[in-house]
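Participant: Okay, here's the structure, questions in a sec.
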Amino acid sequence: LHKYLQKRMYLAELYNNILFDNNTVEVFKQNKRTHVYLRYPIWVSNKWVFHDYMRKKNIGVGIWFTSTIHPKGVKYEDAKYDPGSCPNAELAVDHVGNLPVHPRMNKKDVLKVIKNVLLFMERIDNHDKKMVEEVNPKYY
């Protein structure tokens, strides 16, 4: 277990070293070295487009927190949730993407992920409408 946790921390440090200093990608850098990164969250303009783009590049990014209320499908009124009462959570549902930190990954894998994250950000920044229109809704 310790070996796997160390590997996740190493992979996250690779992401940190490259992405944290890049103004294109918003990362949630942890200052404590004890964080083991089950997932590596980044802020993206559209989580669904990001996931679809990365899937097409054969990069398994996780879709976590797809609803403010879990499990997804629970009606807000049944959970006594007032829409708008947790604006940060509602925003995160659509904007927090997760990068892989699987222990079988290596530095080359992380560099491939980073390269594709940066390409995605560049296309989004250039308002690539085709990429947004190509999102396959069957995955969501």
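Participant: So G84 passes all but one of these: (1) in contact with a helix residue (DSSP H, G or I) (Cβ under 8 Å, 6 or more places away or on another chain); (2) at pLDDT 90 or above; (3) within 28 Å of E122 (Cβ to Cβ). Which condition number does it fail?
Facilitator: (3)
Participant: In this structure, does V117 turn out to be open to solvent by less than 30 Å² (accessible area, probe 1.4 Å), outside any loop (DSSP other than H, G, I, E, B) and at pLDDT 85 or above? Can you show your working first?
Facilitator: Working: open to solvent by less than 30 Å² (accessible area, probe 1.4 Å): yes; outside any loop (DSSP other than H, G, I, E, B): yes; at pLDDT 85 or above: yes.
Criteria met by V117.
Participant: Among the residues that make up segment 80-91, is at least one of them in contact (Cβ under 8 Å) with a residue 60 or more places away in the chain and of a type in the set (A, V, I, L, M, F, W, C)? It would help to see each step written out before you state the result.
Facilitator: Our first condition is that a residue be in contact (Cβ under 8 Å) with a residue 60 or more places away in the chain; within segment 80-91, this holds for none.
The answer is no; no qualifying residue exists.
Participant: Pull up segment 24-57, narrow it to residues that are within 13 Å of I124 (Cα to Cα) and polar (S, T, N, Q), then point me to the one that is modelled with the lowest pLDDT.
Facilitator: T24
Participant: Can you tell me which residues in segment 52-91 are open to solvent by less than 30 Å² (accessible area, probe 1.4 Å) and either under 25 Å from I18 (Cα atoms) or under 11 Å from the mean Cα position of the chain (by Cα) (or both)?
Facilitator: D52, Y53, M54, I59, V61, G62
The values are calculated or read from the model by the stated rules, or taken from the named source; none is laboratory data. Only a predicted model underlies this, so the values are computations on that prediction, with no experimental measurement involved. We place every Cβ from the backbone using ideal geometry, glycine too, and count neighbours over all the protein chains shown. We work out accessible area using only protein heavy atoms, side chains counted, and drop any ligands, DNA or RNA first. Shrake-Rupley method; radii C 1.70, N 1.55, O 1.52, S 1.80 Å.
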